[in-house]
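What follows is one structure encoded as structure tokens, with my remarks underneath.
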Amino acid sequence: MMLYDNEQSLFQLVSEGDEQAFNRLFHLFLPRLYPLIIKFTRSETVTGDIIQETFIRVWLYRDRLAEIDNPGGWLYTLAANKCNDYLRADAVRLCYCPRS
């Protein structure tokens, strides 16, 4: 079993397609990202969706991960951007939905 000594090495391994490293990265950052996202959304369901979207994006763009100098900061930024997208869409939905 490969030792994952830091976030940078996890990003490097994920960039090479290592699914175990991706799983480790997910479990490493889930407890860090969850409180941030739940603060924004105030919804467990939406928080779960944003976490899923965040890590789908990590996997889809894995070939670029090795170039990232601050993996934790990048993941936080990615998650915060997803939260902002959600809040923006929610605000638009609230503004344009007919009121009864």
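Sequentially through the stretch 45-61, phi angles give Karplus couplings (6.51, -1.76, 1.60; θ = phi - 60°) of 5, 5, 4, x, 5, 5, 4, 4, 4, 4, 7, 5, 5, 4, 5, 5, 9 Hz, Gly and Pro residues having no value and appearing as x.
For the stretch 1-73, which trypsin sites (Lys or Arg not before Pro) are in a loop by DSSP, counting at most 12 other Cβ atoms within 10 Å? Filter output for the stretch 1-73: Arg42.
Each Lys or Arg adds one and each Asp or Glu subtracts one; over the other residues with Cβ under 12 Å from the Cβ of Phe26, this totals +1. Would you kindly calculate the translational diffusion coefficient of the chain, applying Stokes-Einstein with the Kirkwood radius from alpha carbon pairs, for 37 °C and a viscosity of 0.692 mPa s, and quote it in µm² s⁻¹ without decimals? In µm²/s, the coefficient rounds to 226. The GluC sites (Glu not before Pro) of the stretch 2-54 that meet both conditions, a loop assignment by DSSP and at most 15 other Cβ atoms within 10 Å of the site Cβ, are Glu16.
Entry note, the chain: the mean residue ellipticity at 222 nm calculated from DSSP H runs of n ≥ 4, each adding -39500 (n - 2.57), is -25500 deg cm²/dmol after division by the residues and rounding to the nearest 500. Taking Ala80, Ala89, Ala66 as the candidate residues, the one with maximal mean-square fluctuation in a Gaussian network model of the chain, Cα springs under 10 Å, is Ala89.
List the relative contact order of the chain as a percent without decimals, with contacts defined as Cα pairs under 8 Å and 6+ residues apart. Walk me through the intermediate numbers first.
Values: 68 pairs, mean separation 33.2, N = 100.
Contact order relative to length: 33 percent.
The phi-based Karplus calculation (6.51 cos²θ - 1.76 cosθ + 1.60; θ = phi - 60°) puts the 3J(HN,Hα) values of the stretch 76-89 at 4, 5, 4, 5, 5, 5, 5, 4, 4, 4, 4, 5, 5, 5 Hz, whole numbers, x for Gly and Pro.
A Gaussian network model of the chain, with springs between Cα atoms under 10 Å, assigns the largest mean-square fluctuation among Leu28, Leu75, Leu65 to Leu28.
Quick note: the coordinates plus some simple rules give every number you see, no bench work behind them. Just so it is clear, the model here is predicted, and its values are computed rather than measured. Note that we place each Cβ from the backbone using ideal geometry, even for glycine, and neighbour counts take in every protein chain shown.
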